[in-house]
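We did not get these values from a lab; they are worked out from the coordinates using the rules stated. Being a predicted model, the structure only gives us computed values, none of them experimental. Cβ: placed from backbone, ideal geometry, glycine included. Neighbour counts: every protein chain shown.
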Amino acid sequence: MPLENRLELPDETPMLRVVPLPSDVNQNGSVFGGWVMSQVDMAGGQTAMRRARGRVATISVDSFLFKSPLVIGDIVSFYADIVSTGKTSIKVAVSVYAERNPENPVVIKVTEALLTYVAIGLDGKKRALPPAD
Ligand SMILES: CC(C)(COP(=O)(O)OP(=O)(O)OC[C@H]1O[C@@H](n2cnc3c(N)ncnc32)[C@H](O)[C@@H]1OP(=O)(O)O)[C@@H](O)C(=O)NCCC(=O)NCCS
């Protein structure tokens, strides 16, 4: 999906909506990429946990594209969708949008990422995914 500016957020419920704080800014004045990665991992992980009906661990960050910077004042929404599953693994695509400039609102898709999670038991070892609903 191309990264584009749009006037509205996607028509689905975001897994996470967060407002970055001044402490999350880097030396360039935009939001630190590590902050974005951490929120993306949380949004993807929560989605994987629902499918796994229990604990998961992140095994791989398959791709990450920071297309536009986030700035202080943005309201940041994280949308997470399962793209495939295996025996123990769940691949989740996360799209990140910023709502900016309340006087003349604009919605910008800032980041796209793909991550893989593995269902784990209380022992921290991988376990088979339960059947899908
Ligand atoms: C998650 C963990 C329990 C998996 O155990 P493992 O023995 O390494 O698992 P495997 O190599 O058999 O792979 C398990 C699944 O992950 C998939 N996988 C393995 N390496 C992968 C990679 N590089 N990219 C995508 N998927 C991968 C496998 O295909 C398999 O999927 P499937 O069962 O659906 O076919 C273990 O790797 C682990 O504890 N890792 C650390 C997790 C962690 O701490 N994450 C936070 C990092 S800060």
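Points worth noting:
- The charge dipole of segment 14-119, taken about the Cα centre with unit charges on the Cβ atoms of Lys, Arg (+1) and Asp, Glu (-1), comes to about 520 debye, rounded to the nearest 20.
- Computed over neighbours whose Cβ is under 11 Å from that of residue 133, the net charge equals +3, Lys and Arg +1, Asp and Glu -1.
- Of interest is the spacing of the C-alpha centroids, which for segment 83-133 and segment 5-72 amounts to 9 Å.
- Rounded to whole Hz, the Karplus (6.51, -1.76, 1.60) HN-Hα couplings of segment 72-82, x for glycine and proline: 4, x, 5, 9, 10, 10, 10, 10, 10, 10, 6
- Think of the chain as having a plus end and a minus end, set by charges on the Cβ of Lys, Arg, Asp and Glu; of 88, 102, 114, 88 sits farthest toward the positive end of this dipole.
- Look at the dipole of the chain built from charges on Cβ: of 44, 26, 79, the Cα furthest out on the positive end belongs to 44.
- Shape box of the chain [Cα atoms, principal axes, largest first, Å]: 49, 31, 20
- Estimated inter-spin distance, residue 26 and residue 126, nm [label 7 Å along Cα→Cβ]: 3.2
- Shown here for segment 51-133: GluC sites (Glu not before Pro) in loop regions (DSSP other than H, G, I, E, B) with at most 14 other Cβ atoms within 10 Å, namely 103.
- Semi-axes of the equivalent ellipsoid for segment 64-133, Cα gyration tensor, largest first, Å: 34, 11, 11
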